[in-house]
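Since the structure comes first, as structure tokens, the remarks are kept for the end.
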Amino acid sequence: MAPATRRASGSYYTPAALVRSMLDAALAAWVAGRMGCGEGEAERRLFDCDPAATALLDGLTLLDPAAGSGAFLLGALERLSSLAATDGTAPAVARRRILQRSLFGVDRSAAAVRLTELRLWLALIAEDREERPERVEPLPNLDCLVRQGDSLFEPVGGQVRLGAPGPGLATDVAELRHRLVTASGPRKRELVRALRAAECRAAEASLLAAESDTRNHIAECLGAARSPDLFGIRRGADAGIRRCLASHRAELRALRSARRTLVREREVPWFHYQSHFADVFAGGGFDIVVGNPPWLRSEEVPPEMRRRLEGRYRWWRGGGRGFGHRPDLAVAFIERSIELAAPGGIVALLVPAKLATAGYGAAARHALAGSTTLLQAADLTGRADAVFDATVYPLALITRQAPAPPGHRVRTSLENQGGTKSARAPATVPQVRLLGGGPWILSADGASTIASRLRREHPPVADRFACQLGVKTGANRLFLDPPATIPRQLLRWALRGRDLRAFRARSRVRLLWTHGADGAALGRLPPGAAAHLAPHEATLRARADFAGGPPWTLFRTRAATAPHRVVWADLARELTACALTGGRDRARIPLNTCYVAPATSAEEAERLAAWLNASWVRALARIGAMPAAGGFHRFAALVVSRLPLPARVLADPSLSDIGIAARRGEPVQEELDDIAAAHLGLSPRDRRTLGRIAGGGAQDRR
């Protein structure tokens, strides 16, 4: 794919070694559920090719809902056939049987579907040792197994969920598909027509059932409007009932239109899971849903699709405005994958690592931890076999479609224990600690336990300070390094993330400041500034954040102009904070590569900045931060807001003294760390554990 197309669709090829690790974990999890044993025991049984374990894989149904070029389906074919071949079955025979019964894929791109088919065919040919061409069996027909379609949306609009048809129709679809996979010649054409007709009957049954349900909903709304209230007066159709009626009637029209199209076309003209894979859903869904769905932030999703996602997926709606609240398309795929999995089935997906901490992932984290059994949640950043052809930071998420048993613990690594003789248990965290939608702390070496304990024992920074991004211009080329014609009274020093050090800031770029000391936009500009901006008025009004007022309005100015502020860099190797409290600091304006926390006094700002620069606090911030390229992390407002801030910290004068001494260039880190450890109640062991994390971020600048 062209780089621009790849970025626009969020498509990246998954390394083969990582595909194998994900599949091994998913298969072990599924076998463990069927055998009633732990995942580690299932891994060992599969590694040893235990007949009882491998027999369970016969007839397993595995789906990749965003198949792409088929990396996961190809990996599944190779892994399942290697396990099946242990009973003496020829590899080529095993592969054909697996293709016929076990592997399913869907992708919106027709080219991706064709490429997946080609790769599966080549994998099949590679194992066929027959030297005489006329004796080679025909290639399987994969177009009834790998389908072009949209995994996220139903074929009719609104909130309608088309269910699975009855067992009889499902059996017809399954039998015809199994026969079609291996058919050729005239028999193939006959089976294609028969399968299309069976799928059509299944889809019509689903549409008729949905129509019946929708008419019942309409009847309920009308019944509510006609029912009397406590005083015997007919209630009538209020605004809520009218909206409900309008929605259901629109859905009924869409269902009827879809059914008319179905009858006219005599085949299903759109992709529908419960029709095309009717037999799978008659059994409850897929045993395993696995893959690497597109990673695409909300602002890169077309507006119409965003509206559809908000209406369809609960986990997508959890975000708000601003950085950190813009959901990724992967969130919708996680929710959809849970829907497609059978009860007790396994969902194994590669998703952005920031899902574990970002604000937009709160609803998904809460639902996953509260209603499924999280088996593995492993941040793969820096892992050798997770190197993509792009700067991405993956999280391996493997969960079972069933509530977690009491005391369940979640693995925080993807390593397979089956082939190792090490007695060391994998790192885990209790699932109960992941409830509530807060950031998931998945670090090893006991750091997650320490972080969770400190969050329970101490109030967070958010209880005392409101953290937010710095000023956004929306047009840096017009406001940074302005021409000499700009009056001096409108010039300030811009403060960027790269300008910050612990306790210190050094500005290098001038900012055209079109606001007053209170942060409000000026009503008029001096002639020199007005002449500079006037030719660009259309550009200024077209900025995404512009919502009225003078065209030279800047955004998020109140906190950035507070008399006393603490600022830190968004992107850094470690958390580095600086207090802006002096008279000269009033001329410094933090931009949106910094975060800002206004304080009530200079002393309070000095103490908070010193606290954030303590090694233990930096380590806690690093645990919850989103990874970035080159060892950097993003220390967003949510990360800092959740850091522990014991009540005594802001009353400790020694922290103010440390801030002042640090600006004079005196060494203060050791003393600061001792004070912070005392406030947090850290033991020597706690300090060693957190110190290993803090030691990784000695520099804070590229």
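Derivation of every value follows stated rules applied to the coordinates shown; laboratory data play no part. Quantities reported herein were computed from a predicted structural model and do not represent experimental measurements. Please note: Cβ atoms are built from the backbone with ideal geometry, for glycine as well, and neighbour counts cover all protein chains shown.
Structure notes:
- The listed peptides 269-275, 162-168, ordered by packing as a protection proxy, come out as 269-275, 162-168 (highest mean of other Cβ atoms within 10 Å first).
- Semi-axis lengths (Å, descending) of the ellipsoid that matches the C-alpha gyration tensor of the chain: 52, 33, 25
- Local electrostatic count at ALA542 - Lys and Arg +1, Asp and Glu -1, tallied over other residues with Cβ under 15 Å: +2
- Cut-off under 5 Å, modelled amide H: who pairs with GLY437 long-range: HIS366
- The H on the amide N of LEU375, modeled in the peptide plane, is under 5 Å from the matching H of ILE398, THR399, ARG400, each at least 5 residues off or on a different chain.
- Within the chain, the selection of entire DSSP H helices by a Cα span of 18 Å or greater along the long axis and an average Kyte-Doolittle value of at least -1.0 returns 16-35, 71-84, 110-126, 167-181, 185-226, 239-265.
- Using θ = phi - 60° and Karplus 6.51 cos²θ - 1.76 cosθ + 1.60, couplings along the stretch 465-479 (whole Hz; Gly, Pro as x): 9, 9, 9, 7, 5, x, 5, 10, 8, x, 7, 4, 5, 8, 9
- Spatially, the stretch 445-495 and the stretch 496-523 are offset by 11 Å when compared through their Cα centroids.
- When the Cα positions of HIS217, MET22, VAL566 are compared along the charge dipole of the chain, VAL566 comes out farthest toward the positive end, with charges on each C-beta of Lys, Arg, Asp and Glu.
- Sequence of ILE346, ILE233, ILE441 once ranked by neighbouring C-beta atoms within 10 Å, starting from the fewest: ILE233, ILE441, ILE346
- Antiparallel bridge percentage (DSSP; both residues within the chain; nearest 5): 70
- Relative contact order for the chain, counting Cα pairs under 8 Å that sit 6 or more residues apart, in percent: 11
- Ranking of CYS594, CYS200, CYS578, CYS49 by count of other Cβ atoms within 10 Å, fewest first: CYS49, CYS200, CYS594, CYS578
- CD proxy at 222 nm, helix term only [per DSSP H run n ≥ 4: -39500 (n - 2.57); per residue of the chain; nearest 500]: -13000 deg cm²/dmol
- Between the alpha-carbon centres of the stretch 221-260 and the stretch 134-188 there is a gap of 37 Å.
- The stretch 23-169: relative contact order in percent, alpha carbon pairs under 8 Å with at least 6 residues between: 22
- Among GLU300, GLU537, GLU134, the ranking by other beta carbons within 10 Å of each residue's beta carbon, starting with the fewest, stands as GLU134, GLU537, GLU300.
- Couplings for the stretch 483-490, taken from phi via the Karplus curve 6.51 cos²θ - 1.76 cosθ + 1.60 with θ = phi - 60°, read x, 5, 6, 6, x, 4, 5, 9 Hz in order; Gly and Pro are left as x.
- Packing-based ranking of 486-492, 545-551 yields 486-492, 545-551, ordered from highest to lowest mean Cβ neighbour count within 10 Å.
- Under the Debye formula (equal points on every Cα, no solvent term), log10 I(q)/I(0) of the stretch 157-270 at q = 0.16, 0.18, 0.21 Å⁻¹: -0.80, -0.91, -1.07
- Amide H within-cut-off set for LEU395, under 5 Å, with H built and near neighbours excluded: VAL351, ALA353, LEU380
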